[in-house]
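Taking it in order: structure first as C-alpha coordinates, then the write-up.
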Amino acid sequence: MRPSPSLFAVPFAVLALATASTAQTSATPTAEDYRRDALALPALIEADYAYIERLPGRAFPNTDILKAEAQAVHDRAGLLRYAEHALTALADHHAITGASFADSWAVTPSYSDLWIEPENDGWIVTSVRAGSPAQAAGVKAGDRLTAVGDQSTEEAVAAFWREMSLSPDGDRAGYAARVLAAGRRDRPRDLTITAADGTTRRLNLPSLYSMQRDTPAVESGLEGDAWVIRINDALGDEATIAAFDAAMAGARDGQTVIIDLRDTPSGGNTVVARGIMGWFVDAPSAYQIHALPSEARRTGIERRWIEQVMPRPGKRHRGPVVVRVGRWTGSMGEGLAIGLLAQGARVVGDPMAGLLGAIYDLRLPATGLVVKIPVERLYAVDGTPREQFRPEPN
(Lines give C-alpha, C1' and ligand atoms only; values in the text may rest on other atoms or scores of the structure.)
Protein backbone atom coordinates (compact mmCIF):
# COMPACT_ATOMS: atom_id res chain seq x y z
CA MET A 1 0.00 0.00 0.00
CA ARG A 2 1.28 3.49 -0.79
CA PRO A 3 1.62 5.38 2.49
CA SER A 4 -0.64 8.41 2.76
CA PRO A 5 1.12 11.74 2.37
CA SER A 6 -0.48 12.86 5.63
CA LEU A 7 -1.56 10.07 7.91
CA PHE A 8 -4.89 11.05 9.48
CA ALA A 9 -4.03 14.62 8.67
CA VAL A 10 -5.89 17.31 10.55
CA PRO A 11 -8.79 18.20 8.23
CA PHE A 12 -8.36 21.95 8.53
CA ALA A 13 -5.82 24.43 9.81
CA VAL A 14 -5.07 23.48 13.39
CA LEU A 15 -6.57 25.87 15.92
CA ALA A 16 -4.07 24.95 18.63
CA LEU A 17 -5.30 25.01 22.17
CA ALA A 18 -3.56 27.31 24.60
CA THR A 19 -1.93 24.39 26.38
CA ALA A 20 -0.47 23.22 23.08
CA SER A 21 0.44 26.49 21.37
CA THR A 22 2.10 28.27 24.25
CA ALA A 23 4.04 25.36 25.68
CA GLN A 24 7.77 25.96 25.91
CA THR A 25 9.69 22.72 25.56
CA SER A 26 13.16 22.19 26.97
CA ALA A 27 16.01 21.84 24.49
CA THR A 28 16.94 18.64 26.30
CA PRO A 29 14.02 17.30 28.35
CA THR A 30 14.92 15.77 31.67
CA ALA A 31 13.67 12.49 33.11
CA GLU A 32 11.29 14.53 35.26
CA ASP A 33 9.97 16.34 32.15
CA TYR A 34 9.06 13.01 30.58
CA ARG A 35 7.38 11.79 33.75
CA ARG A 36 5.49 15.06 34.20
CA ASP A 37 4.12 14.87 30.65
CA ALA A 38 2.99 11.29 31.18
CA LEU A 39 1.14 12.30 34.33
CA ALA A 40 -0.40 15.29 32.50
CA LEU A 41 -1.84 13.31 29.59
CA PRO A 42 -5.04 12.02 31.30
CA ALA A 43 -6.02 15.57 32.28
CA LEU A 44 -5.31 16.81 28.75
CA ILE A 45 -7.59 14.11 27.36
CA GLU A 46 -10.36 14.94 29.84
CA ALA A 47 -10.12 18.64 29.00
CA ASP A 48 -10.00 18.42 25.22
CA TYR A 49 -11.41 15.08 24.02
CA ALA A 50 -14.63 15.85 22.15
CA TYR A 51 -16.28 12.53 23.03
CA ILE A 52 -15.63 12.30 26.76
CA GLU A 53 -19.13 10.90 27.33
CA ARG A 54 -17.98 7.66 25.63
CA LEU A 55 -15.75 6.99 28.62
CA PRO A 56 -17.13 5.50 31.85
CA GLY A 57 -17.83 8.30 34.28
CA ARG A 58 -16.80 10.81 31.57
CA ALA A 59 -13.22 10.31 32.75
CA PHE A 60 -10.01 8.86 31.39
CA PRO A 61 -9.90 5.16 32.41
CA ASN A 62 -6.81 5.59 34.57
CA THR A 63 -6.27 2.08 35.86
CA ASP A 64 -3.59 1.21 38.41
CA ILE A 65 -1.49 -0.29 35.61
CA LEU A 66 -1.63 2.91 33.57
CA LYS A 67 -0.90 5.05 36.63
CA ALA A 68 2.16 2.94 37.47
CA GLU A 69 3.36 3.10 33.86
CA ALA A 70 3.06 6.90 33.85
CA GLN A 71 4.95 7.20 37.13
CA ALA A 72 7.78 5.05 35.74
CA VAL A 73 8.29 7.14 32.57
CA HIS A 74 11.76 8.71 32.45
CA ASP A 75 12.67 9.00 28.74
CA ARG A 76 11.14 9.62 25.34
CA ALA A 77 10.62 5.94 24.53
CA GLY A 78 8.78 5.38 27.80
CA LEU A 79 6.60 8.45 27.26
CA LEU A 80 5.73 7.43 23.73
CA ARG A 81 4.85 3.87 24.76
CA TYR A 82 2.72 5.18 27.61
CA ALA A 83 0.99 7.65 25.26
CA GLU A 84 0.19 4.79 22.88
CA HIS A 85 -1.39 2.85 25.73
CA ALA A 86 -3.29 5.88 27.03
CA LEU A 87 -4.80 6.67 23.62
CA THR A 88 -5.58 3.00 23.02
CA ALA A 89 -7.61 3.09 26.24
CA LEU A 90 -10.03 5.46 24.45
CA ALA A 91 -10.93 2.70 21.93
CA ASP A 92 -11.07 5.41 19.28
CA HIS A 93 -9.38 4.76 15.90
CA HIS A 94 -9.03 8.53 15.44
CA ALA A 95 -6.83 8.97 18.53
CA ILE A 96 -3.17 8.29 17.76
CA THR A 97 0.33 9.44 18.62
CA GLY A 98 2.34 11.67 16.31
CA ALA A 99 5.30 9.25 16.43
CA SER A 100 5.49 5.48 16.68
CA PHE A 101 7.74 2.46 17.15
CA ALA A 102 8.66 -0.13 14.54
CA ASP A 103 6.48 -2.62 16.40
CA SER A 104 3.51 -0.30 17.06
CA TRP A 105 0.07 -1.51 16.09
CA ALA A 106 -0.92 -0.60 12.55
CA VAL A 107 -3.21 2.42 12.39
CA THR A 108 -6.79 1.44 11.55
CA PRO A 109 -8.22 1.98 8.98
CA SER A 110 -5.19 3.41 7.13
CA TYR A 111 -3.19 0.19 7.29
CA SER A 112 -5.91 -2.39 7.80
CA ASP A 113 -7.68 -4.61 5.32
CA LEU A 114 -10.33 -6.34 7.44
CA TRP A 115 -13.25 -4.67 9.19
CA ILE A 116 -14.29 -6.82 12.14
CA GLU A 117 -17.43 -6.53 14.26
CA PRO A 118 -18.48 -8.66 17.26
CA GLU A 119 -21.68 -10.50 16.45
CA ASN A 120 -23.49 -13.39 18.17
CA ASP A 121 -20.46 -14.43 20.25
CA GLY A 122 -18.29 -14.40 17.12
CA TRP A 123 -16.11 -11.95 15.21
CA ILE A 124 -17.51 -11.27 11.77
CA VAL A 125 -15.61 -9.85 8.81
CA THR A 126 -18.07 -7.26 7.55
CA SER A 127 -15.81 -5.77 4.85
CA VAL A 128 -12.54 -6.57 3.06
CA ARG A 129 -10.36 -3.88 1.53
CA ALA A 130 -10.15 -4.03 -2.26
CA GLY A 131 -6.73 -4.95 -3.62
CA SER A 132 -5.44 -5.97 -0.19
CA PRO A 133 -3.56 -9.08 0.98
CA ALA A 134 -6.71 -10.29 2.75
CA GLN A 135 -8.74 -10.04 -0.45
CA ALA A 136 -5.97 -11.79 -2.42
CA ALA A 137 -6.09 -14.61 0.15
CA GLY A 138 -9.81 -15.06 -0.52
CA VAL A 139 -11.21 -13.58 2.69
CA LYS A 140 -14.79 -12.41 2.15
CA ALA A 141 -17.41 -10.45 4.02
CA GLY A 142 -19.35 -12.91 6.18
CA ASP A 143 -16.26 -14.92 7.13
CA ARG A 144 -15.27 -15.06 10.79
CA LEU A 145 -11.98 -14.20 12.44
CA THR A 146 -11.63 -17.17 14.79
CA ALA A 147 -8.05 -16.84 16.01
CA VAL A 148 -5.11 -14.44 16.17
CA GLY A 149 -1.91 -16.43 16.39
CA ASP A 150 -2.49 -19.31 18.79
CA GLN A 151 -5.29 -17.58 20.69
CA SER A 152 -8.97 -17.56 19.90
CA THR A 153 -10.15 -14.10 18.91
CA GLU A 154 -12.08 -13.82 22.16
CA GLU A 155 -8.95 -14.66 24.16
CA ALA A 156 -6.79 -12.30 22.07
CA VAL A 157 -9.23 -9.40 22.55
CA ALA A 158 -9.38 -10.02 26.31
CA ALA A 159 -5.56 -10.17 26.49
CA PHE A 160 -5.28 -6.95 24.48
CA TRP A 161 -7.24 -5.06 27.14
CA ARG A 162 -5.79 -6.98 30.09
CA GLU A 163 -2.46 -5.22 29.48
CA MET A 164 -4.16 -2.03 30.69
CA SER A 165 -6.41 -3.75 33.24
CA LEU A 166 -9.47 -2.92 31.14
CA SER A 167 -12.35 -5.20 30.22
CA PRO A 168 -13.35 -5.84 26.57
CA ASP A 169 -16.74 -4.18 26.90
CA GLY A 170 -18.73 -2.00 24.51
CA ASP A 171 -16.71 -0.26 21.81
CA ARG A 172 -13.52 -1.89 23.07
CA ALA A 173 -14.42 -5.32 21.66
CA GLY A 174 -14.65 -4.36 18.00
CA TYR A 175 -11.82 -1.85 18.31
CA ALA A 176 -9.38 -4.47 19.60
CA ALA A 177 -10.42 -7.07 17.03
CA ARG A 178 -9.78 -4.62 14.18
CA VAL A 179 -6.40 -3.59 15.61
CA LEU A 180 -5.37 -7.23 16.10
CA ALA A 181 -6.42 -8.06 12.53
CA ALA A 182 -4.33 -5.14 11.23
CA GLY A 183 -1.37 -6.45 13.22
CA ARG A 184 1.93 -4.90 14.21
CA ARG A 185 3.82 -2.82 11.69
CA ASP A 186 7.02 -4.87 11.65
CA ARG A 187 5.73 -8.42 11.18
CA PRO A 188 3.27 -10.58 9.23
CA ARG A 189 -0.17 -11.34 10.60
CA ASP A 190 -1.15 -14.82 11.73
CA LEU A 191 -4.94 -14.97 11.38
CA THR A 192 -7.35 -17.89 11.31
CA ILE A 193 -10.41 -17.34 9.13
CA THR A 194 -13.50 -19.53 9.06
CA ALA A 195 -15.73 -19.28 6.02
CA ALA A 196 -19.51 -19.53 6.01
CA ASP A 197 -19.29 -23.21 4.96
CA GLY A 198 -17.16 -24.01 8.00
CA THR A 199 -13.84 -24.23 6.15
CA THR A 200 -11.03 -22.91 8.35
CA ARG A 201 -7.71 -21.58 7.10
CA ARG A 202 -4.72 -20.21 8.95
CA LEU A 203 -3.33 -17.32 6.94
CA ASN A 204 0.02 -15.56 7.03
CA LEU A 205 -0.64 -12.06 5.72
CA PRO A 206 1.91 -9.25 5.34
CA SER A 207 1.56 -6.05 7.31
CA LEU A 208 0.29 -3.28 5.07
CA TYR A 209 3.13 -1.13 6.45
CA SER A 210 5.57 -3.38 4.59
CA MET A 211 3.88 -2.83 1.25
CA GLN A 212 4.25 -0.05 -1.29
CA ARG A 213 2.22 0.70 -4.38
CA ASP A 214 2.75 3.06 -7.24
CA THR A 215 -0.76 4.37 -7.68
CA PRO A 216 -1.64 7.82 -9.00
CA ALA A 217 -3.48 10.11 -6.62
CA VAL A 218 -6.43 10.34 -9.02
CA GLU A 219 -7.62 7.95 -11.72
CA SER A 220 -10.52 8.51 -14.11
CA GLY A 221 -12.38 6.80 -16.91
CA LEU A 222 -15.73 5.76 -18.30
CA GLU A 223 -18.04 3.27 -16.60
CA GLY A 224 -20.96 2.85 -18.94
CA ASP A 225 -22.19 6.38 -19.57
CA ALA A 226 -20.77 7.75 -16.31
CA TRP A 227 -17.40 9.43 -15.75
CA VAL A 228 -15.70 7.84 -12.74
CA ILE A 229 -13.01 9.61 -10.71
CA ARG A 230 -11.23 7.53 -8.08
CA ILE A 231 -9.14 9.16 -5.36
CA ASN A 232 -6.41 6.89 -4.01
CA ASP A 233 -5.80 7.94 -0.40
CA ALA A 234 -4.53 11.35 -1.45
CA LEU A 235 -6.86 13.84 0.25
CA GLY A 236 -3.95 15.20 2.28
CA ASP A 237 -1.93 16.24 -0.77
CA GLU A 238 -2.81 19.62 -2.28
CA ALA A 239 -1.51 18.37 -5.66
CA THR A 240 -4.68 16.25 -5.69
CA ILE A 241 -6.67 19.40 -6.48
CA ALA A 242 -4.90 19.86 -9.83
CA ALA A 243 -5.17 16.11 -10.53
CA PHE A 244 -8.92 16.22 -9.83
CA ASP A 245 -9.28 19.28 -12.06
CA ALA A 246 -7.53 17.41 -14.87
CA ALA A 247 -9.82 14.42 -14.38
CA MET A 248 -12.91 16.64 -14.45
CA ALA A 249 -11.81 17.95 -17.85
CA GLY A 250 -12.85 14.57 -19.22
CA ALA A 251 -16.45 14.87 -18.02
CA ARG A 252 -19.09 16.12 -20.44
CA ASP A 253 -21.58 18.75 -19.32
CA GLY A 254 -24.63 16.98 -17.90
CA GLN A 255 -22.81 13.64 -17.60
CA THR A 256 -23.09 11.67 -14.37
CA VAL A 257 -19.85 11.95 -12.37
CA ILE A 258 -19.06 9.17 -9.89
CA ILE A 259 -16.50 10.12 -7.23
CA ASP A 260 -15.04 6.96 -5.68
CA LEU A 261 -13.82 7.58 -2.11
CA ARG A 262 -13.55 3.93 -1.07
CA ASP A 263 -9.77 4.19 -0.69
CA THR A 264 -9.37 7.34 1.41
CA PRO A 265 -8.79 5.88 4.90
CA SER A 266 -6.02 8.28 5.95
CA GLY A 267 -8.14 11.41 5.73
CA GLY A 268 -6.68 14.66 4.46
CA ASN A 269 -7.42 18.34 4.70
CA THR A 270 -10.31 20.62 3.99
CA VAL A 271 -8.42 22.57 1.30
CA VAL A 272 -8.41 19.51 -0.95
CA ALA A 273 -12.01 18.66 -0.10
CA ARG A 274 -13.22 22.19 -0.81
CA GLY A 275 -11.26 22.21 -4.06
CA ILE A 276 -13.19 19.14 -5.16
CA MET A 277 -16.58 20.34 -3.94
CA GLY A 278 -16.07 23.73 -5.59
CA TRP A 279 -16.83 22.09 -8.94
CA PHE A 280 -20.43 21.48 -7.89
CA VAL A 281 -21.69 24.79 -6.41
CA ASP A 282 -22.75 28.16 -7.82
CA ALA A 283 -22.61 30.13 -4.55
CA PRO A 284 -21.17 29.78 -1.05
CA SER A 285 -22.74 26.66 0.39
CA ALA A 286 -22.57 24.95 3.78
CA TYR A 287 -20.96 21.54 3.80
CA GLN A 288 -20.41 20.65 7.47
CA ILE A 289 -20.95 21.88 11.02
CA HIS A 290 -18.21 22.07 13.66
CA ALA A 291 -18.56 22.08 17.44
CA LEU A 292 -15.92 22.56 20.15
CA PRO A 293 -17.05 20.73 23.31
CA SER A 294 -13.92 21.65 25.29
CA GLU A 295 -14.89 25.32 25.16
CA ALA A 296 -18.41 24.52 26.30
CA ARG A 297 -17.06 22.42 29.19
CA ARG A 298 -14.69 25.20 30.22
CA THR A 299 -17.04 28.19 29.88
CA GLY A 300 -20.57 26.79 29.80
CA ILE A 301 -21.05 28.47 26.40
CA GLU A 302 -21.50 26.19 23.41
CA ARG A 303 -19.54 26.99 20.26
CA ARG A 304 -20.65 25.84 16.81
CA TRP A 305 -19.91 27.09 13.33
CA ILE A 306 -20.70 26.20 9.73
CA GLU A 307 -18.00 25.66 7.15
CA GLN A 308 -18.76 26.60 3.56
CA VAL A 309 -17.51 25.56 0.15
CA MET A 310 -17.00 28.27 -2.42
CA PRO A 311 -17.48 28.10 -6.21
CA ARG A 312 -14.28 28.00 -8.23
CA PRO A 313 -14.15 30.42 -11.18
CA GLY A 314 -14.17 28.60 -14.49
CA LYS A 315 -14.81 25.22 -12.88
CA ARG A 316 -18.42 24.08 -12.72
CA HIS A 317 -19.97 20.74 -13.56
CA ARG A 318 -23.71 20.48 -14.06
CA GLY A 319 -24.96 16.94 -13.91
CA PRO A 320 -25.73 14.17 -11.42
CA VAL A 321 -23.03 13.32 -8.87
CA VAL A 322 -22.73 9.96 -7.11
CA VAL A 323 -20.25 9.33 -4.29
CA ARG A 324 -19.07 5.79 -3.53
CA VAL A 325 -18.01 5.10 0.07
CA GLY A 326 -17.14 2.20 2.34
CA ARG A 327 -15.24 1.22 5.46
CA TRP A 328 -12.00 2.66 4.03
CA THR A 329 -13.58 6.08 3.57
CA GLY A 330 -12.16 7.83 6.61
CA SER A 331 -11.90 11.24 8.26
CA MET A 332 -11.74 13.87 5.49
CA GLY A 333 -13.07 11.24 3.08
CA GLU A 334 -16.15 11.10 5.28
CA GLY A 335 -16.27 14.89 5.43
CA LEU A 336 -16.10 15.11 1.64
CA ALA A 337 -18.92 12.57 1.33
CA ILE A 338 -21.29 14.46 3.64
CA GLY A 339 -20.22 17.72 1.99
CA LEU A 340 -21.09 16.48 -1.48
CA LEU A 341 -24.36 15.12 -0.09
CA ALA A 342 -25.17 18.67 1.05
CA GLN A 343 -24.60 19.85 -2.54
CA GLY A 344 -27.14 17.33 -3.88
CA ALA A 345 -25.00 14.27 -4.58
CA ARG A 346 -26.11 10.73 -3.81
CA VAL A 347 -23.82 8.85 -1.40
CA VAL A 348 -23.93 5.09 -1.87
CA GLY A 349 -22.13 2.05 -0.53
CA ASP A 350 -21.26 0.49 2.81
CA PRO A 351 -20.97 2.35 6.11
CA MET A 352 -17.87 4.54 6.29
CA ALA A 353 -15.09 4.23 8.87
CA GLY A 354 -17.09 6.28 11.38
CA LEU A 355 -14.02 8.13 12.65
CA LEU A 356 -14.91 10.54 15.40
CA GLY A 357 -14.67 14.26 14.81
CA ALA A 358 -11.66 16.28 13.76
CA ILE A 359 -8.26 15.70 15.33
CA TYR A 360 -5.89 18.35 16.58
CA ASP A 361 -2.17 17.97 17.13
CA LEU A 362 -1.63 18.58 20.85
CA ARG A 363 1.91 18.92 22.23
CA LEU A 364 2.66 17.78 25.73
CA PRO A 365 3.96 20.83 27.59
CA ALA A 366 7.39 19.74 28.85
CA THR A 367 8.68 17.56 26.01
CA GLY A 368 6.65 18.57 22.95
CA LEU A 369 5.56 15.00 22.19
CA VAL A 370 2.53 15.16 19.86
CA VAL A 371 -0.71 13.31 20.49
CA LYS A 372 -3.62 13.50 18.08
CA ILE A 373 -7.14 13.29 19.46
CA PRO A 374 -10.58 14.35 18.27
CA VAL A 375 -11.15 17.83 19.69
CA GLU A 376 -14.02 18.92 17.43
CA ARG A 377 -17.28 17.20 16.73
CA LEU A 378 -18.41 17.24 13.10
CA TYR A 379 -21.94 17.11 11.71
CA ALA A 380 -23.66 16.96 8.35
CA VAL A 381 -25.57 20.14 7.54
CA ASP A 382 -28.81 18.48 8.70
CA GLY A 383 -27.28 17.98 12.15
CA THR A 384 -26.48 14.27 11.83
CA PRO A 385 -23.19 13.45 13.58
CA ARG A 386 -20.76 12.53 10.83
CA GLU A 387 -19.93 9.18 12.43
CA GLN A 388 -23.62 8.24 12.41
CA PHE A 389 -24.22 9.01 8.74
CA ARG A 390 -25.22 5.99 6.66
CA PRO A 391 -25.10 5.95 2.84
CA GLU A 392 -27.70 4.52 0.51
CA PRO A 393 -27.12 0.80 -0.17
CA ASN A 394 -25.48 0.00 -3.53
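The values are calculated or read from the model by the stated rules, or taken from the named source; none is laboratory data. As the structure is a prediction and not an experimental result, all values here were calculated from the model. We place every Cβ from the backbone using ideal geometry, glycine too, and count neighbours over all the protein chains shown. Note: accessible area is taken over every heavy atom of the protein model, side chains too, but ligands, DNA and RNA are not part of it. Shrake-Rupley method; radii C 1.70, N 1.55, O 1.52, S 1.80 Å.
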Exercise. For MET310, what is the net charge nearby, where nearby means another residue's Cβ is under 13 Å from its Cβ and Lys, Arg count +1, Asp, Glu -1?
Worked result: +2
Exercise. Okay, which of the stretch 310-324 sit inside 18 Å, backbone N to the point 7 Å along the Cα-Cβ direction of ALA226?
Worked result: 317-324
Exercise. Considering every pair of different Cα atoms, what Kirkwood radius, in Å, is found for the stretch 320-394?
Worked result: 13.3
Problem set entry | LEU369 long-range amide H proximity, modeled H, under 5 Å | LEU364
Exercise. Across every pair of different alpha-carbon atoms, what Kirkwood hydrodynamic radius in Å does the stretch 100-235 reach?
Worked result: 16.1
For this session: Output the peptides 211-223, 112-124 sorted from most to least packed, where packing is the average of other Cβ atoms within 10 Å over each peptide's residues.
Result: 112-124, 211-223
Exercise. Which FRET efficiency value, to the nearest 0.05, is calculated for ARG318 and THR126 with the Förster distance at 51 angstrom and r the Cβ-Cβ distance?
Worked result: 0.90
Exercise. Which one is right for this structure if Rg and Dmax of the Cα atoms in Å is calculated from it: [x] 24.6, 84; [y] 21.2, 71; [z] 21.4, 65?
Worked result: [z]
Exercise. So what is the accessible area of the chain per residue, in Å², with the probe set to 1.4 Å?
Worked result: 41
Problem set entry | Charge tally in the Cβ shell below 9 Å around ASP245, where Lys, Arg are +1 and Asp, Glu are -1, ASP245 excluded | +2
Problem set entry | Centre separation in Å (Cα based) which lies between the stretch 102-122 and the stretch 286-335 | 26
For this session: Quick one: check the C-alpha center-to-center distance for the stretch 138-217 versus the stretch 366-391, whole angstrom.
Result: 25
For this session: Report Rg/Rh for the stretch 175-271, rounded to two decimals, where Rg is the Cα radius of gyration and Rh the Kirkwood radius.
Result: 1.12
Seminar exercise, completed: What helix-only [θ] at 222 nm does the chain give? Using -39500 (n - 2.57) per DSSP H run of at least 4, over all residues, to the nearest 500, the answer is -8000 deg cm²/dmol
Seminar exercise, completed: Note on the stretch 238-357: alpha-carbon gyration tensor, axes a ≥ b ≥ c; rule is a/c under 1.5 for rounded, else prolate if a/b larger than b/c, else oblate; result prolate
Problem set entry | Computed label-point distance, nm, for sites ALA296 and ASP150 using a 7 Å Cα→Cβ extension | 5.0
Exercise. Gain in length, ASN204 to ALA141, computed as 0.36 nm per residue apart minus the alpha-carbon separation, to one decimal in nm?
Worked result: 20.8 nm
Problem set entry | Whole-percent carbon and sulfur share, accessible surface of the chain, 1.4 Å | 50
